[in-house]
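Just below is one structure, and these are the notes that go with it.
Readers should treat all values here as calculations from the given coordinates under stated rules, not as data from a laboratory. Model, not experiment: these values are computed from the prediction. Note: ideal-geometry Cβ built from the backbone for every residue, glycine included; neighbour counts use all protein chains shown.
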Amino acid sequence: MRAGKLRHRITIEKQAKGKNLSGESRLDEWEPVLPRIWANISDLTGRDKINDLTTSEIDARGYLRWRNGIHAGMRVKHRDRYYLITNEPIDRMGTRSEMELLLRMMD
């Protein structure tokens, strides 16, 4: 993957297990796993959504160099937006040099 394509700084976060005041477990906090890495985040266009019926729950795609430890359920912070990683990373070339992430906008 050429470095010029990676023009966005993102942070990948995972849910952190915390406890509330009564000692019950909760999963509402996020902690950084990979802070400030280079990636390319692109929102899907209307044409993408029409051509691929499987994108009904996908709002964007992310491309970055291959990193171990990224899984579905983590989230991507890009500027002031948060995206949930909906599937396991995709290795289109089979070389583990780059990955594609399917992302859904979080509320």
Task: Counted charge near P89, where neighbours are those whose Cβ lies closer than 13 Å (Asp, Glu -1; Lys, Arg +1) - done: +1
- [ ] State the number of lysine pairs found in segment 3-105 whose Cα atoms come within less than 28 Å, restricting to pairs 8 or more positions apart or on distinct chains.
- [x] 8
TODO: Return the ratio Rg/(2.2 N^0.38 Å) for segment 65-107, where Rg is computed over Cα atoms only.
DONE: 1.18
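Divide by every residue of the chain the summed helix terms, -39500 (n - 2.57) for each DSSP H run of at least 4, and state the resulting mean residue ellipticity at 222 nm, rounded to the nearest 500 deg cm²/dmol.
Values: 1 runs with 6 residues, N = 107.
Value at 222 nm, helices only, nearest 500: -1500 deg cm²/dmol.
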Open item on the list: Can you compute the charge dipole magnitude of the chain about its Cα centre, using +1 on each Lys and Arg Cβ and -1 on each Asp and Glu Cβ, nothing else charged? Give it in debye, rounded to the nearest 20.
Closed with: 520
Task: Alpha-carbon gyration tensor eigenvalues x 5, square-rooted, for segment 3-105, Å - done: 26, 17, 13
TODO: With a Förster radius of 35 Å, plug the Cβ-Cβ distance of R92 and E31 into 1/(1 + (r/R0)^6) and report the FRET value to the nearest 0.05.
DONE: 0.75
